[in-house]
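Derivation of every value follows stated rules applied to the coordinates shown; laboratory data play no part. Predicted model, so just to flag it, every value in this text is computed and none were measured. Neighbour counts are summed over all protein chains in view; Cβ atoms, including those assigned to glycine, are modelled from backbone coordinates with ideal geometry.
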Amino acid sequence: MTKIIETKNLTKMYGKTTVVDKLDLAVTQGSVHGLLGPNGSGKSTTMKMLLGLLKPTAGEIYMMGRPMNRQTRVDVLAQVGSLIEQPSAYLHLTGAENLRIATRLLRAKPENVERAIRLVRLEKHMNKLVKDYSLGMKQRLGIALALLRDPQILILDEPTNGLDPAGIEEIRELIVSLARDEGRTVLVSSHLLSEIEKMATELSIIHQGQLLFQGTQRELFETKLPDVFVETTCGSQAASVLQALQPTLVPGGVMVPNLSEQDVSDLCVQLVGHNIPITQVVRQHRSLEEVFIGLTGREGLQ
Ligand SMILES: Nc1ncnc2c1ncn2[C@@H]1O[C@H](COP(=O)(O)OP(=O)(O)OP(=O)(O)O)[C@@H](O)[C@H]1O
Ligand SMILES: [Mg+2]
């Protein structure tokens, strides 16, 4: 799969403090890539380096296969839309006026403007002053501004920060559709596990500037296998047959830890061989937070 953003050894130091530490990031084209980490872990700093807003202390950045340097930067960044920290709209102007100004500055095509407004569903609010927008509407305007040049890549720094659950859901749906329906790649940061979990097709987890994990959610969950619940009316018999696997007898069946897919299949064969009826085999859900604790051995993200 094509990597549309790649960093090699990307590092940012302030004085002697390293805030982004030899980061090797790889973002797959067409993915919603969640950059997850607690406050101060280096998410915004990483994104600002990708956008040429901060100069890396060391390391390289490749976007769409091209190295980012002084010669390529303007060209490459024309394909990247971003929303970093707060959306930067003029509050005393309407949404339409803000878009008009940005369109002129960015030399965006008029058809992109219409499309961006439609995508973020702000058609009805274009003539309202931005200061009267809700936070969710401001975020959506920020995303519309990021879409003006019809970019292949969107870099969104905590776009759901401060929103209520309905606002979060709207932004989440928008992000998913930008990738799924429009074929764009979205790199989105968050310190909220629940956010990233629901929209990202792949994940990077950073902590103190270092990459702890990178891959799909499935791969993440496989780094520490969640328990498997075997539903059966013969729980104690099942527990004794599976004794070597250290099962726990629970209401409605047994819980078995640390099984690979092959182990689960072997377990079923074993139980059926002993005429033990199985009504369900379910891998227990493990939240990203639990996985994070497993990866860092520290407290969770929130
Ligand atoms: N200009 C600066 N000078 C010195 N240190 C800085 C500067 N900017 C950021 N830092 C430090 O770099 C670290 C990473 O900051 P960054 O803003 O990238 O984190 P973050 O993951 O985006 O956090 P948050 O979730 O709070 O937005 C923090 O410890 C921060 O204090
Ligand atoms: Mg930040």
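Figures for the structure shown
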quantity: Hydrodynamic radius of region 75-144 per Kirkwood, over alpha carbon pairs, in Å; calculated: 12.3
quantity: Cα convex hull of region 1-84, projected area averaged across orientations, nm²; calculated: 5.6
quantity: Order by protection proxy (mean Cβ within 10 Å, highest first), peptides 44-52, 228-236; calculated: 44-52, 228-236
quantity: Cut-off under 5 Å, modelled amide H: who pairs with Ser82 long-range; calculated: Ile155
quantity: Rounded Å value of the spacing that divides the Cα centres of region 173-190 and region 42-73; calculated: 21
quantity: Gap separating the Cα centres of region 95-158 and region 3-19, nearest whole Å; calculated: 30
quantity: Gain in span if fully extended, Thr201 to Asp263, counting 0.36 nm per residue against the direct Cα distance; calculated: 19.7 nm
quantity: DSSP-defined beta bridges in the chain - what % are antiparallel, rounded to 5; calculated: 65
quantity: Order by protection proxy (mean Cβ within 10 Å, highest first), peptides 184-192, 139-147; calculated: 139-147, 184-192
quantity: Other-chain or far-sequence residues with amide H under 5 Å of Leu23's (modelled H); calculated: Asn9, Leu10, Thr11
quantity: Region 225-285 - convex hull of the alpha-carbon atoms, volume per residue in Å³; calculated: 69
quantity: Cα pair distances exceeding 24 angstrom across the chain, given as percent; calculated: 59
quantity: Placed amide H near Thr94: partners under 5 Å, 5+ positions off or other chain; calculated: Val130
quantity: Alpha carbon Rg of region 182-302, scaled by the compact-globule rule 2.2 N^0.38 Å; calculated: 1.31
quantity: The chain, helix-only ellipticity at 222 nm - DSSP H runs n ≥ 4, -39,500 (n - 2.57), divided by all residues, nearest 500; calculated: -10500 deg cm²/dmol
quantity: Restraint check, Lys43/Lys131; Lys16/Lys43; Lys12/Lys43; Lys8/Lys48; Lys48/Lys109, Cα-Cα greater than 21 Å; calculated: Lys43/Lys131; Lys48/Lys109
